[in-house]
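Written below as C-alpha cells is the structure these notes are about.
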Amino acid sequence: MKRIGLVLLLSGCINSTGNSLVTFQATGAAAPDIGAVQGQPLRFTTPRGFDVTLTTARVFVGALYFSTVEPMTASGSLEAPCVAPGITTGEVRGGLELDALDPTPQPFPVQGLGSDLPTRSASLWLTNGDVNASDERTVVLKVEGEATRGTDTYPFTASFHIGTNRVTPPRNSALPSSNPICEQRIVTPIAFDTTLSQGATVKLLVDPRAFFGSVNFATLEQVSTMPPRYRFRDDAATAEQADTALFNALRANAGPYRLEVAP
Amino acid sequence: MRWLRFIIVCTCVLGATPSFAHDDDDDEQLVDAGERLERAVSDGGVEVAPRPSAPASAADGGSEPPAGETTPDERPRSGDAGVEPRRRETTVRSSRLSRSASEVTITQDVIQAAPRTGAVDLLRLVPGLVASQHSGEGKAHQLFLRGFDAVHGQDVELNVAGLPVNEVSHIHALGYADVNWLIADAVREVKVTEGSYRAWQGDFAVAGTVRYELGLEEQGVTVAGSYGSFGRARLFAGVRPFESPETFAALELVRGDGFGPQRAFGRASVLGQVVVPLEKLKLRAVVGSAVGRFDSPGVVRDDARAGFFDASGADQGGSSSRHQLLLGVDLLGDGKTSFEVFGVLSDLRLKNNFTGYTSGPGGDGLEQTHHDALLGARVEHHRHLHLFGQTLSLDLGLGGRRDGIEQSQRRYRENDATVLPATIDADVIQSAANAWTEVSMAPGRWRFMLGGRADALGFEVVDRLGVRARTASFGVHWGLKAGVERQLGEHVRAYANYGDGFRSPQARQLADGELAPFVNVRGAEVGTSVEFSRVVTKLSLFGSHVANDAFFDHTVGSTVALGASLRGGASLIVTAKPLEGWVISGSFTAATARVVKTGALLPYFAPTVGRLDSGYTRQLGPFTAHAGVGLTFLGPRPLPFGDFSRPVFLADARVSLRWQAVELVFDVQNLFDSRWRDGEFTYSSNWDPSRTASQLPSRHFTAGAPRSLFVTVEMHL
C-alpha cells in the first residue's frame with residue numbers, strides 16, 4: 001500500500017496522456033557527402049565500372065510518412081496492405097520535385113504534421129495523388145547524363161512514371177490484392193530513428209549515385225544513332241536489365257534515401 | 001478524517017432514526033439473520049448497507065436465501081457447534097453481505113426510479129461505471145470502471161443469476177460481455193462488487209463484478225406495449241405465478257429505426273426462472289433464448305462529417321443469438337452447499353469498418369464471426385467451524401468451464417460487400433478450473449477474512465487456414481484475498497481489502513507450450529460506511545497495480561505495451577429515503593490511471609463519473625403516481641496526444657400513473673436534447689480513397705442519442 005500510495009503521488013504530475021502533436025518543416029536535397037554542386041553535373045563511377053556524368057536527376061516525392069513500426073521488410077502476408085500497421089508519427093502531404101543534384105535544402109510545399117511518439121521508420125510515396133489509382137502520369141524520376149565504359153559511351157535519359165505500365169497481376173484469383181499498384185509507388189521502410197519536436201526540420205537526402213549501382217547501360221534502348229542517344233524503357237513489360245535496375249533502385253529503401261532531423 | 005466527519009454529520013442530519021449496529025460475532029449474525037434481514041428490507045431501496053445475514057452463499061459474495069423464501073426452523077448444525085439457535089419461522093428477505101465499502105446492491109426502487117431502455121442501463125447504475133455504445137444497438141457496450149477501459153468486458157466480470165456473460169478469447173475483444181439479450185424488467189436487483197477482493201470473483205474481475213439477480217416485481221401477468229421516438233416499439237409480457245418474485249417467465253420483443261442512418265435494430269428475448277424451495281434443499285433453473293440483428297453507424301471522423309448523427313462505412317452491423325440453461329440445487333444441511341451446472345450457446349457476426357480505406361481502395365471492412373459453446377459447473381459450500389474458541393466462517397468453491405469456440409475474421413470490400421478470404425479461421429478449446437476459499441472470523445468488533453484462489457487455464461488452438469501449427473498452452477494464476485473490518489461506534493464501519501484479480505489471455509496469441517500469461521492486477525481499498533435507517537453513505541479509496549499492462553485499441557486492432565500501470569481513486573455512494581416512497585441514490589467516482597514509467601495518463605478511461613437517481617411514488621386517491629429523474633455526469637476523458645473528450649451531462653425523467661391494473665408510463669431520455677458524444681476515439685483513418693489522406697491520428701466519435709420519448713401502457717392482471 002505504501003508503494004502504491006507513493007507512486008500515485010509521484011505520478012500525479014502529468015495530467016495528460018503524455019504525447020502531443022507537433023508541426024515541422026521538411027526539405028529535400030542532394031546528400032551533402034556526394035560532392036554535388038548546384039548547377040553542375042555530378043561525376044561518379046558505378047560498381048559495374050561505368051563512369052557516369054549526371055546532368056539531371058529529379059525525383060518527385062508525393063508524400064512522406066513516418067511510423068512507430070520498426071523497419072522490417074518481411075510482411076508475412078500475401079495481401080499485406082501498403083500502409084504499414086502501427087501509428088503514424090508524422091506526415092508531409094505535398095509533392096516536391098526534388099533536384100537530387102542540388103545540395104541546397106528545397107522545402108516541401110506544405111508543413112509537416114506529426115506527434116512526439118518515437119519514430120522508427122519512414123515511407124516515401126512516389127505519386128502525385130491517390131496511391132491506389134490505377135493510372136498516374138506524374139513523372140517520378142527524370143535523369144539525364146552520359147555513361148562511359150571503355151570505348152562505349154551511352155548518352156541516356158530516363159523518365160519514369162508509375163501507372164498501368166507498372167501493374168503486376170495478382171498471384172491468383174483467390175488473392176486479388178496480392179500485388180496492388182500502391183506497392184510500386186511506396187518506398188518503405190526507410191530506417192528513421194527519431195522523435196519529432198515542434199519546429200524541427202526533417203531533411204530528405206537523396207544520393208542519385210545509388211540509382212545506377214546495378215545498371216548495365218549496355219542494355220539500354222537506343223533511340224538515336226546520330227547523335228547516339230539511349231533511353232531507359234518506362235514499361236515493366238518490355239524492360240531490360242538497365243530499366244529494371246534503375247526502377248528498382250528508385251524504390252529501394254536503403255541506398256538512395258536518408259532522413260535526418262535538425263531541431 | 002475531515003471528510004469522514006462531514007459524511008457522518010450529513011448522514012446524521014438526514015437519518016434521524018438509527019438502525020441496528022453490525023454484529024461483531026458471526027454466530028450471532030447467523031442466528032438473528034432472519035429478523036434483521038426482514039428489518040433491513042422493510043427500509044427498501046438500495047441495500048448499500050451491509051447486513052448481517054444467514055449463512056452466506058459464497059457464490060454471490062454473501063447472498064442469502066432469496067426474497068420471499070421461508071426458511072425452515074433454524075436448527076443446530078454440525079458445523080455450527082456451540083451455537084444456541086433460536087427456533088422460529090422467519091421470512092428472510094434478500095440482502096447483501098458487504099465485505100468492502102464498495103459492495104452495493106441496486107434494488108427495484110432505484111431501478112424503477114428513472115427510464116431504463118435495457119439491461120445496460122442498469123449497468124449505468126453501478127457507481128463509477130460508464131457504458132458506451134459505438135456499433136449499434138446489439139453489440140456489447142464498451143465499459144469503463146475504476147480507471148480501467150474494460151473495452152467490451154475484459155476488466156468487468158458480468159454474471160446473470162449464475163450464468164457467465166463474459167466470453168473468453170473472443171474474436172472481437174477479450175471478455176466480450178453482451179447484455180442486450182437480458183430483459184431489464186426481469187432483473188430484480190443488481191449486485192455490485194467493485195475491485196477483486198473476494199475469492200469467488202473469477203476471470204475478468206479486474207475492476208469489479210456485476211451480478212444481475214432475476215425476478216419479476218409484480219405477481220400475476222404483466223403485459224406492456226411501448227412506442228416512442230425513432231420508431232422504437234416494445235412488447236413485454238411476463239408472468240409471476242407465486243408470491244416469490246424469483247419464479248417467472250418473460251418475453252420481450254423490441255425494434256427501432258434508430259436516431260440516425262444505419263441504426264435500425266430488432267431483437268427478441270425469452271427468459272425464465274423457476275425456484276422451488278423444499279425443506280432441506282432449493283432447486284433452481286434458469287432458461288433463456290435471445291436473437292437479434294442490428295445495423296451500425298460505425299465511428300464518425302470529426303473533420304469529415306456533414307451532420308452530427310452521420311454514419312460512416314456502409315453495411316456495418318451484425319447479428320447475435322444466445323441460448324442458455326442453468327440448473328442448480330442448494331442443500332441445507334451442514335452449512336449450505338450449492339451445485340450448479342450451466343450451458344450457454346452464443347453466436348455473433350459483426351461487420352465493422354472504423355478506419356475507412358487505409359488499406360486500399362477495397363476498404364478496411366472487417367467481418368468477424370464467433371461461436372461459443374460453453375459448459376460449466378460450480379460447487380460452493382459455506383459453513384461455520386469452531387477452532388481454538390473462535391467461530392470461523394468458511395467458504396469453499398470449485399468450478400470449471402469449457403468453451404468450444406469457432407472464430408473467423410475476413411475483410412470485405414466496402415463498395416460491393418464482396419467477402420475476401422479469411423485471415424483468421426480457428427477452433428479454440430479453452431478450459432478453466434478453479435478452486436477458492438475464504439475463511440473469516442469476527443473477534444470483538446473486528447472481522448478478518450483471508451482467502452485465496454487458484455485458476456488453471458488450458459488452451460488449444462487449431463488454425464483451420466493451416467498457416468500456424470496446432471498450439472496448446474497452459475497456465476495457473478494464484479490470487480490472494482484479504483479483508484479487515486472494524487465496527488466504529490453504532491453507525492460506522494471501516495473496511496480494508498486486498499485482492500489479486502486476473503484476466504485470461506487471447507488463446508490465438510499463445511505459442512505452443514507457452515506458459516499462458518495472465519494479466520495480474522493487485523488491488524487494495526480502504527473505506528467506510530455510515531448507516532442510518534434513512535440514509536447510508538459509503539466512501540472508498542481504491543488503487544490497483546498492473547505489472548504488464550497493454551492498451552488495446554479495438555477500433556483499429558492495435559495493442560501497445562505500456563509496462564506497469566497504476567490506477568487509483570475514490571468513490572462516494574449515498575442512498576437516502578427521506579420520505580416514505582422517496583428514494584435518492586447517488587454516486588460520484590473520481591479515478592486516475594497512469595503509466596508508472598512516464599506518469600502519463602492512460603487514454604480513454606473515465607476520470608469522473610457522477611450518477612443520481614431519484615424517484616418518488618405516492619398514492620393519490622385511486623391512483624399511484626410516480627415521478628423520477630436520472631442524472632448522469634461524465635467528466636472529460638483523456639485521449640491520445642494530450643487531448644480530452646468533451647464532458648457529458650444527461651438528464652432522464654419518468655412520470656407514471658397507475659389506476660388499478662392499468663399503468664401509463666412516460667419516459668424521456670436526454671431531456672435537454674444534448675448533443676453528446678457517447679464515445680470519442682483518436683486514431684488514423686481515411687474516408688476518401690481518392691485522395692492522399694492523412695494517416696495521422698484524428699478525432700472520431702459516436703453520437704449519443706438525442707431526446708427520446710417513450711410511452712408505455714402496462715396491464716397488470
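The values are calculated or read from the model by the stated rules, or taken from the named source; none is laboratory data. The structure displayed is predicted, hence computed values, not measured ones. Every residue, glycine as well, gets a Cβ built from its backbone with ideal geometry; the counts of neighbours run over all protein chains shown. Heavy atoms of the whole protein, side chains included, go into the accessibility calculation; ligands, DNA and RNA do not. Shrake-Rupley method; radii C 1.70, N 1.55, O 1.52, S 1.80 Å.
Considering only protein heavy atoms, what is the solvent-accessible area of B:ASP302 at a probe of 1.4 Å, reported in Å² to the nearest 10?
40 Å²
State, as an integer percentage, the relative contact order of chain B based on alpha-carbon contacts under 8 Å between residues 6 or more apart.
On the way: 2222 pairs, mean separation 97.3, N = 717.
Relative contact order of chain B: 14 percent.
What distance in nm separates the simple spin-label points at B:ILE424 and B:ALA373, each placed 7 Å from Cα in the Cβ direction?
2.1 nm
With a point put 7 Å past each Cα toward its Cβ, work out how far B:LEU325 is from B:LEU450 in nm, to one decimal.
So the two model labels end up 4.3 nm from each other.
Where nothing but the Cβ of Lys and Arg (+1) and of Asp and Glu (-1) is charged, how large is the charge dipole of the protein assembly as shown around its Cα centre, in debye to the nearest 20? Can you show the working numbers first?
Numbers: 93 positive and 108 negative charges, 218 e Å.
That gives the protein assembly as shown a dipole magnitude of about 1040 debye.
Helix B:26-42 against the longest principal axis of chain B: what's the angle in degrees, Cα atoms only, rounded to the nearest 10?
The answer is roughly 70 degrees.
Projecting each Cα onto the charge dipole of the protein assembly as shown (Lys/Arg +1, Asp/Glu -1 at the beta carbon, about the Cα centre), which of B:HIS371, B:ILE106, B:PHE633 comes out farthest on the positive side?
About the Cα centre, the residue reaching furthest to the positive side is B:PHE633.
Just name one of B:ALA593, B:GLY225, B:ALA417: the one whose Cα is farthest towards the positive end of the charge dipole of chain B (beta-carbon charges, Lys/Arg +1, Asp/Glu -1).
So the residue furthest toward the plus end is B:ALA593.
Using 1/(1 + (r/R0)^6) with R0 = 56 angstrom and r between the beta carbons of B:LEU480 and B:LEU579, what's the FRET efficiency to the nearest 0.05? Could the numbers behind the result be given before it?
Numbers: r = 45 Å, r/R0 = 0.80.
E between B:LEU480 and B:LEU579, to the nearest 0.05, is 0.80.
Please give the average number of partner chain Cβ atoms lying within 10 Å of the Cβ of each residue in A:15-25, rounded to a whole number.
Details: counts 9, 10, 17, 12, 8, 4, 6, 1, 0, 0, 0.
For this peptide, the per-residue mean of nearby foreign Cβ atoms is 6.
Give me a comma-separated list of calculated 3J(HN,Hα) values for region B:706-717, in order, Karplus coefficients 6.51, -1.76, 1.60 applied at θ = phi - 60°, integers in Hz, x for any Gly or Pro.
Those phi angles translate into x, 4, 10, 9, 8, 10, 10, 10, 10, 10, 10, 10 Hz.
Using the heavy atoms of the protein chains alone and a 1.4 angstrom probe, what is the accessible area of the protein assembly as shown per residue in square angstrom? Mind showing how you got there, number by number?
Details: 37700 Å² over 980 residues.
For the protein assembly as shown, the solvent-accessible area averages 38 Å² per residue.
Any idea what the dipole of region B:558-717 comes to, in debye rounded to 20, about its Cα centre with Lys/Arg Cβ at +1 and Asp/Glu Cβ at -1? Mind showing how you got there, number by number?
Details: 15 positive and 11 negative charges, 105 e Å.
That gives a dipole near 500 debye.
Under 8 Å for C-alpha pairs, at least 6 residues apart: give me the relative contact order for region B:418-521, rounded to a whole percent. Let's see the in-between values first.
Working: 220 pairs, mean separation 25.6, N = 104.
Relative contact order of region B:418-521: 25 percent.
Can you pull out the buried accessible area for chains A and B, both sides counted, probe 1.4 Å, rounded to the nearest 100 Å²? Please report the intermediate quantities before stating the final value.
Numbers: alone 13450 and 27050 Å², together 37700 Å².
Looking at A and B, the buried total is near 2800 Å².
Short version: ³J(HN,Hα) in whole Hz for each residue of region B:517-524, in order, from phi by Karplus 6.51 cos²θ - 1.76 cosθ + 1.60 (θ = phi - 60°), x for Gly and Pro, what are they?
Using θ = phi - 60°, the values come out as x, 10, 7, 9, 10, 9, x, 9 Hz.
What residues have an amide H closer than 5 Å to that of B:GLY147, excluding those fewer than 5 places away on the same chain, when H is modeled at 1.01 Å from N in the peptide plane?
B:ALA606
Applying a 10 Å radius around every beta-carbon, put B:467-477, A:132-142, B:147-157, B:335-345 in order of their mean neighbour count, most first.
Details: B:467-477: 15.3, A:132-142: 17.5, B:147-157: 26.5, B:335-345: 19.2.
With the highest mean Cβ count within 10 Å placed first, the list reads B:147-157, B:335-345, A:132-142, B:467-477.
Average partner chain C-beta neighbours within 10 Å, per residue of B:594-600?
Details: counts 10, 4, 4, 1, 5, 8, 8.
So the per-residue partner count for this stretch is 6.
Quote the FRET efficiency, to the nearest 0.05, computed for A:ARG43 versus B:ALA306 with a Förster distance R0 of 56 Å and r equal to the Cβ-Cβ distance.
Details: r = 57 Å, r/R0 = 1.02.
In this case the efficiency is close to 0.45.
Straight distance only, please: which lysines reach the Cα of B:LYS351 with their own Cα at less than 29 Å, same-chain residues fewer than 8 apart left out?
Output for B:LYS351: B:LYS139.
Calculate for chain B the 222 nm mean residue ellipticity that helices alone would give, adding -39,500 (n - 2.57) per DSSP H run of length 4 or more and normalising by residue count, nearest 500 deg cm²/dmol. It would help to have the intermediate numbers written out before the result.
Values: 4 runs with 39 residues, N = 717.
That calculation yields -1500 deg cm²/dmol at 222 nm.
Give the angle, between 0 and 90 degrees and rounded to the nearest 10, that separates the Cα long axis of helix B:2-14 from the longest principal axis of the Cα atoms of chain B.
70 degrees
In region B:695-714, which residues become less accessible by 50 Å² or more once every protein chain is in place, relative to the chain on its own, using a 1.4 Å probe?
B:GLN695, B:LEU696
Roughly how many Å is it from the Cα centre of region B:192-229 to that of region B:690-710, as a whole number?
31 Å
Along each of its three principal axes, how wide is the spread of alpha-carbon positions in region B:2-716, in whole angstrom units, largest first?
Per principal axis, max minus min of the Cα coordinates gives 81, 66, 50 Å.
Rounded to whole Hz and in sequence order, give me ³J(HN,Hα) for region B:437-445 from the Karplus expression 6.51 cos²θ - 1.76 cosθ + 1.60, θ = phi - 60°, writing x for Gly and Pro.
8, 10, 10, 9, 9, 10, x, x, 8
Got a number for carbon plus sulfur as a percent of the protein assembly as shown's accessible area, 1.4 Å probe? Can you show the working numbers first?
Details: 22050 of 37700 Å².
C and S atoms contribute 58 percent here.
Counting pairs of alpha carbon atoms under 8 Å apart in space and at least six apart in sequence, what relative contact order in percent does chain A give? Show your work: numbers first, answer last.
Details: 623 pairs, mean separation 61.9, N = 263.
About 24 percent, as a whole number.
Using the structure shown, list the pairs from B:LYS280/B:LYS538; B:LYS191/B:LYS282; B:LYS191/B:LYS481 with a Cα-Cα distance above 28 Å, or answer none.
Working: B:LYS280/B:LYS538 36 Å; B:LYS191/B:LYS282 21 Å; B:LYS191/B:LYS481 19 Å.
Correct reply: B:LYS280/B:LYS538.
Between B:GLY266, B:LEU602, B:HIS545, whose Cα lies farthest towards the positive end of the dipole of chain B when Lys and Arg beta carbons carry +1 and Asp and Glu beta carbons carry -1, centred on the Cα centre?
B:LEU602
Quick one: putting +1 on the C-beta of Lys and Arg, -1 on the C-beta of Asp and Glu, what dipole do you get for chain B around its Cα centre, in Debye to the nearest 20?
On the way: 73 positive and 84 negative charges, 243 e Å.
Once rounded to the nearest 20, the dipole reads 1160 debye.
By per-residue mean of other Cβ atoms within 10 Å, what is the highest-first order of A:209-216, B:193-200, A:42-49? Before the final figure, lay out each step's value.
Details: A:209-216: 21.6, B:193-200: 28.0, A:42-49: 14.8.
Ranking, from highest mean packing down: B:193-200, A:209-216, A:42-49.
Counting partner chain Cβ atoms within 10 Å of every residue's Cβ in B:683-689, what's the average?
Shielding by partners across B:683-689 averages 2.
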